[in-house]
Amino acid sequence: MKTIVVLGMHRSATSLLARGLSKSGVFMGHSLLGKTECNPWGHFEDIKLINLNDKILDAAGGSWDNPPNELDIYEAGYEIRDEIKAAVKKRERKLWGWKDPRTTLTIRCYQSFLTNPIYMSCVRDPKEVAESLKRRDNMPIDAGIELAKEYNKRMLKFLSEQT
């Protein structure tokens, strides 16, 4: 059994990578977030995992665009560890994975429940991410740049700790 987890900031080509994985036969989830105006091929995100990540971030005092500190996220995830474990077990297949940019913030909550995880990451220039967030959400450019840098910093820190 292998689990592929796509990590990366929103608007950094994570959907493109997840689409490629899905087209290659990787099971990406039960009920996927479909096409939107800003993503005409679909997001390839399991809606229940999005909701679970939002629940973790909310309990930690933040959101995808206001990341809580890592310890608060981990503690919030620990409180619902049985729910996280059940979500992972429900999706497990010989080859499966998921993509939700929020997972870049919450991955440590899932890590102990994953079998043979493979982490794939997407990094895009923070200014380009910010420009895309400006178009999609009307987020100020400076805020988008800082948010992208924070996601990248956390992702790279996590990946550097994997051996």
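Every read-out reported here was derived from the displayed coordinates using simple, explicitly stated rules and does not represent laboratory data. Nothing here was measured: the structure is a model prediction, and the numbers come from that model. Positions of Cβ are generated from backbone atoms using ideal geometry, with glycine treated the same way; all protein chains shown enter the neighbour counts.
Here are some notes:
- Per-residue Cβ neighbour rank within 10 angstrom, fewest leading, 41, 96: 41, 96
- Beta bridges per DSSP with both ends in segment 2-124, % antiparallel, nearest 5: 20
- Spacing of the two label points (7 Å from each Cα toward its C-beta) at residue 51 and residue 135, in nm: 3.1
- Sorted by Cβ density within 10 Å, fewest first, the residues 30, 10: 30, 10
- For a label point 7 Å along the Cα-to-beta-carbon line of residue 71, residues of segment 98-138 with backbone N under 20 Å: 105-110
- Least to most buried among 16, 49 (fewest other Cβ within 10 Å first): 16, 49
- Segment 79-130, Cα convex hull volume normalised per residue, Å³: 95
- For segment 2-124, the alpha-carbon coordinates run over 35, 31, 23 Å along the three principal axes, in decreasing order.
- Its DSSP H runs of at least 4 residues, each contributing -39,500 (n - 2.57), put the calculated 222 nm mean residue ellipticity of the chain at -16000 deg cm²/dmol, to the nearest 500.
- Separation between Cα centres of segment 149-163 and segment 45-111, rounded to whole Å: 16
- Under a 5 Å amide H cut-off, with hydrogens placed 1.01 Å from N, residue 92 pairs with nothing among residues at least 5 apart or on other chains.
- Backbone N atoms of segment 9-36 closer than 12 Å to the 7 Å Cα→Cβ label point of residue 128 belong to residues 11-14.
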